[in-house]
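What follows is calculated from the coordinates using simple rules that are stated; it is not laboratory data. All figures in this text were calculated on a predicted structure; none of them were measured in a lab. Neighbour counts run over all protein chains shown; Cβ positions are idealised from the backbone, glycine included.
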Amino acid sequence: MKAARLYGPRDLRIEEVPVPEVAGDQVLVQMHSVGICGTDLLVYRGDLQVRPGTILGHECAGVVATTGLDVRRHRHGDRVFVEASWGCGDCAYCRRGLILHCAQKAALGRTADGAFAEYVVVPERVVHSIAENVSFDDAQASSTIGSAIRALGHVRPTIADTAAVVGSGHAGLILMQLLRLSGPQWVAMVGTREKRLELAMELGADLVVDARAGNPVEKILQATGGLGVDLVGEAAATGSSLDLSMQIATCGGTVLVFGIYEHSVEGFRAPDLYGKEIRLIGSKGGFGAFGATSQLLSCGVLKIEPLISHILPLEGVVEGFRLMDEKAPDALRIVIHPGQ
Ligand SMILES: [Zn+2]
Ligand SMILES: [Zn+2]
């Protein structure tokens with residue numbers, strides 16, 4: 001089969017490799033749609049280390065091709081998406097249900113060969129069925145959707161709340177839509193790219209604010225009667241986005257950190273934790289939320305395909321990473337179709 005292997009920073013090559021063997025509790029999934037996510041980009045740049053020759057990619061959907069002898073729930077032909085990581089099942093964290101903190105955690109496209117390939121092999125327990133009406137392009141976003149569902153479970157927004165999302169990338173646009181569906185009466189989107197802000201408006205944002213134009217904090221305060229919002233979803237993972245989030249949160253409000261920070265943040269507004277009684281909440285991954293992800297996708301209320309800016313064949317994955325790496329203005333979600 002063809003697969004995209006990383007040999008060093010920005011050294012991604014399409015190669016011919018053997019189709020992986022399937023052991024007892026594993027399934028082989030033929031890849032139909034695989035998204036390039038921010039974490040993939042960190043690996044591609046060498047900010048997250050992987051063994052040279054690792055096949056990248058972890059946000060994926062496809063069809064079950066082969067099953068191991070111990071597989072019970074899935075069979076050949078099932079349409080599925082795949083959870084990107086899994087715990088050892090036996091350590092103290094795994095036994096507490098915190099598998100994402102497992103020291104022996106396997107991660108697709110990092111410690112295990114990933115999804116920018118014609119086939120990927122994974123344990124059955126991380127494979128989730130999707131309904132007939134759900135496209136593979138919708139289902140490739142399941143990692144982000146599951147992570148957003150789990151994150152919102154930590155904060156449980158209600159109709160009494162106002163909310164804002166800071167960061168209008170793929171994750172931010174999904175988080176914004178989920179907030180729109182979860183209860184808050186009013187949801188704003190703060191971003192830096194005009195096209196994405198227009199898209200946020202189309203996807204249901206009540207107000208969009210360009211963080212580069214004028215005073216974004218002032219605009220949010222004005223729109224909320226000077227109070228700020230009850231819940232801020234921080235989805236840009238920059239020091240300035242966290243700073244902005246702390247400023248637009250109301251006293252007693254919550255900042256949900258959904259962006260993935262690689263470094264410490266300088267100038268963090270620690271005094272606001274006391275002074276404004278801000279609740280600062282982190283969330284990692286979507287473990288436990290993927291059943292809900294399947295159901296939500298089948299309802300069709302979440303719009304994923306408008307977020308896809310490029311669809312490329314497997315040979316295009318090198319180009320796809322280059323576009324992401326260079327922050328090409330029109331690139332939002334780049335999706336690879338290995339089957340083409
Ligand atoms: Zn990801
Ligand atoms: Zn474990």
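So the values come out like this:
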{"quantity": "Set of lysines near Lys195 by C-alpha distance (under 21 Å), chain-local residues within fewer than 8 positions excluded", "calculated": "Lys219, Lys303, Lys327"}
{"quantity": "Global form of the range 148-282, assessed from the alpha-carbon gyration tensor, a/c cut-off 1.5", "calculated": "rounded"}
{"quantity": "Residue exposure sequence - Cys88, Cys299, Cys37, Cys94 - by fewest surrounding Cβ within 10 Å", "calculated": "Cys299, Cys88, Cys94, Cys37"}
{"quantity": "Footprinting exposure proxy for Ser283, Ser168 (fewest neighbouring C-beta atoms within 10 Å first)", "calculated": "Ser283, Ser168"}
{"quantity": "Unit charges on C-beta of K, R, D, E only; dipole of the chain, Debye", "calculated": "600"}
{"quantity": "Relative contact order computed over the chain (Cα-Cα under 8 Å; 6+ residues apart), in percent", "calculated": "18"}
{"quantity": "Value in Å of the Kirkwood radius, where the range 158-227 supplies the Cα pairs that are averaged", "calculated": "11.9"}
{"quantity": "For Val301, net neighbour charge (Lys/Arg +1, Asp/Glu -1) across residues whose Cβ lies under 14 Å away", "calculated": "0"}
{"quantity": "Rounded to whole Hz, the Karplus (6.51, -1.76, 1.60) HN-Hα couplings of the range 89-94, x for glycine and proline", "calculated": "x, 10, 7, 4, 5, 4"}
{"quantity": "Gyration tensor verdict on the range 1-92 (Cα atoms; rounded if a/c is under 1.5, prolate if a/b is larger than b/c, oblate otherwise)", "calculated": "prolate"}
{"quantity": "Ratio of Rg to Rh over the chain (Cα coordinates, Kirkwood Rh, two decimals)", "calculated": "0.97"}
{"quantity": "Euclidean distance between Cα centres, the range 9-34 to the range 142-161, Å", "calculated": "31"}
{"quantity": "Amide hydrogen neighbours beyond the local backbone of Leu56, cut-off 5 Å, H modeled", "calculated": "Ala4, Leu6, Gly114, Phe116"}
{"quantity": "DSSP-assigned coil residues among trypsin sites (Lys or Arg not before Pro) in the range 93-162, each with at most 12 further Cβ atoms within 10 Å", "calculated": "Arg96"}
{"quantity": "Sequence-distant residues sharing a close amide H with Val255 (under 5 Å, placed H)", "calculated": "Val232, Arg279, Leu280, Ile281"}
{"quantity": "Distant-in-sequence amide H partners of Val229 (H built 1.01 Å from N, under 5 Å)", "calculated": "Ala249, Thr250"}
{"quantity": "Length added when fully stretched, Arg13-Leu227, from 0.36 nm per residue minus Cα-Cα", "calculated": "71.9 nm"}
{"quantity": "Separation in nanometres of the label points that stand 7 Å from Cα toward Cβ, at Leu273 and His76", "calculated": "5.6"}
{"quantity": "Estimated 222 nm signal from helices in the chain, with DSSP H stretches of n ≥ 4 weighted -39500 (n - 2.57), rounded to 500", "calculated": "-7500 deg cm²/dmol"}
{"quantity": "Nearby aspartates and glutamates by direct alpha-carbon distance to Lys276 (threshold 14 angstrom, same-chain neighbours under 8 apart not counted)", "calculated": "Asp230, Asp243"}
{"quantity": "Estimated vicinal HN-Hα couplings, Hz - the range 327-339 in sequence order (Karplus 6.51, -1.76, 1.60; Gly, Pro = x)", "calculated": "6, 3, x, 8, 7, 10, 10, 9, 10, 9, 10, x, x"}
{"quantity": "Rg to Rh, two decimals, where the range 226-340 supplies the alpha carbon set and Rh follows Kirkwood", "calculated": "1.07"}
{"quantity": "Local net charge near Gly109, Cβ-Cβ under 12 Å (Lys/Arg +1, Asp/Glu -1)", "calculated": "0"}
{"quantity": "Cα shape, the range 55-150, gyration tensor, a/c 1.5 rule", "calculated": "prolate"}
{"quantity": "Neighbourhood net charge (11 Å Cβ-Cβ; Lys/Arg +1, Asp/Glu -1) for Gly285", "calculated": "+2"}
{"quantity": "Within a Gaussian network of the chain (alpha carbon springs, distance under 10 Å), most fluctuating of Asp78, Asp70, Asp243", "calculated": "Asp70"}
